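Asks: Right, I'll just put the structure down here and ask away after.
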Amino acid sequence: MLKLITLLAFAFAACNGDAIQNLERFGSLNKYYYYSNAQRNSITLTEDHFPTGNDTAARFNNNWNIVVIIHGHSGTATTTINPIVKDAFLTSGDYNVIVVDWSSFSLSTYSTAVMAVTGVGSSIATFLKNLKLPLNKVHIVGFNLGAHVAGVTGRNLEGKVARITGLDPSARDWENNVLRLGTNDAQYVEVIHTDGSGVNKNGLGVAIGHIDFFVNGRLVQPGCTNNLCSHNRAYEVFAATITHGKHYGNQCSTEAEITANNCRGFIVEMGTAKLVKHGYV
């Protein structure tokens, strides 16, 4: 079993002053796909409602929690995080799963994708508001730049979603960026770091959530020989916590304990589909 470590931290997030036309341009090309155990083939969602029809099993179920999955740079609706995490949720229980596709910009250069984050996140927030979803049942999961998109989404809603899970949030252009994912963006923000060290790191190496897990400290992940492999471990490990559970971390007291992978504080379970953990509502 992987040895995990966790660190409590607090962060702050704020909105920037991007021009309205840029927000609309970056978010207008978002696509949304709905899945459930009753609807394994995707249904394309519009901006303001779930599809209706004779097949009631294909419709949104108000009794289930809602999972919104947001890919990162170079991702699409059918690559990287989306199929793995989507299938993990659907295998473990009944969920309304919404996959966001912002590949119109994520497949562009990294700098262009970074510029799109605010507009894409704001557009997702508008989409969720139009659907009138119960925010206390919403869990947003974002990988890479998608973690920061999740933060923008959360802070642009009228109220807070239950949980945001940030999977190795992107580091480049975000280490001192006030728009990055933070604790103000949801009732509970959990972050899983897998590639937060070295000159070629992809993910942030600092704690930004209510609880942050640094998988195997700041070392290259088992089975990996490069940073990209370690980076992708974030959504792979998270999916495993949903389907199998029993991935734990110890609270760290110092940065040195994280680096040495030698934390001995209280134990917290990493990941899972739970909306509430350790008093965070």
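Asks: Check off (1) within 13 Å of the chain's Cα centre (by Cα); (2) part of a loop (DSSP other than H, G, I, E, B) for residue 165 and give me the number that stays unchecked.
Replies: (2)
Asks: Another one. Just checking, which of 214, 238 is modelled with pLDDT of 95 or more and either buried (at least 19 other Cβ atoms within 10 Å of the Cβ) or touching a Pro at 6+ places or on another chain (Cβ under 6 Å) (or both)?
Replies: 238
Asks: Taking the condition over 17 Å from residue 235 (Cα atoms) and of a type in the set (Gly, Ala, Ser), does residue 159 pass?
Replies: yes
Asks: With 157, 204 as the choices, which residue is closer than 26 Å to residue 267 by Cβ, modelled with pLDDT of 95 or more and either crowded, with 24+ Cβ neighbours inside 10 Å or not polar (S, T, N, Q) (or both)?
Replies: After applying the criteria, what remains is 204.
Asks: Quickly run through segment 185-234 and pick out the residues that are more than 17 Å from residue 151 (Cβ to Cβ) and in a helix (DSSP H, G or I).
Replies: Within segment 185-234, 227, 228, 229, 230, 231, 232, 233 meet the criteria.
Asks: Identify, please: which residue in segment 60-91 is among the polar types (S, T, N, Q) and within 20 Å of residue 136 (Cα to Cα) and is, among those, modelled with the highest pLDDT?
Replies: Here the residue is 65.
Asks: Does segment 245-281 hold any residues that are at pLDDT 80 or above and on the phi > 0 side of the Ramachandran plot, and which are they?
Replies: Once the filter is applied, which keeps residues that are at pLDDT 80 or above and on the phi > 0 side of the Ramachandran plot, segment 245-281 yields 245, 246, 271, 272.
Asks: Since residue 57 meets every condition but one in (1) among the hydrophobic types (A, V, I, L, M, F, W, C); (2) assigned to a helix (DSSP H, G or I); (3) modelled with pLDDT of 95 or more, which condition does it not meet?
Replies: Failing condition for residue 57: (3).
The values are calculated or read from the model by the stated rules, or taken from the named source; none is laboratory data. These numbers were taken from a predicted model, which means no experiment stands behind them. Every residue, glycine among them, receives a Cβ derived from its backbone with ideal geometry; neighbour counts consider all protein chains shown.
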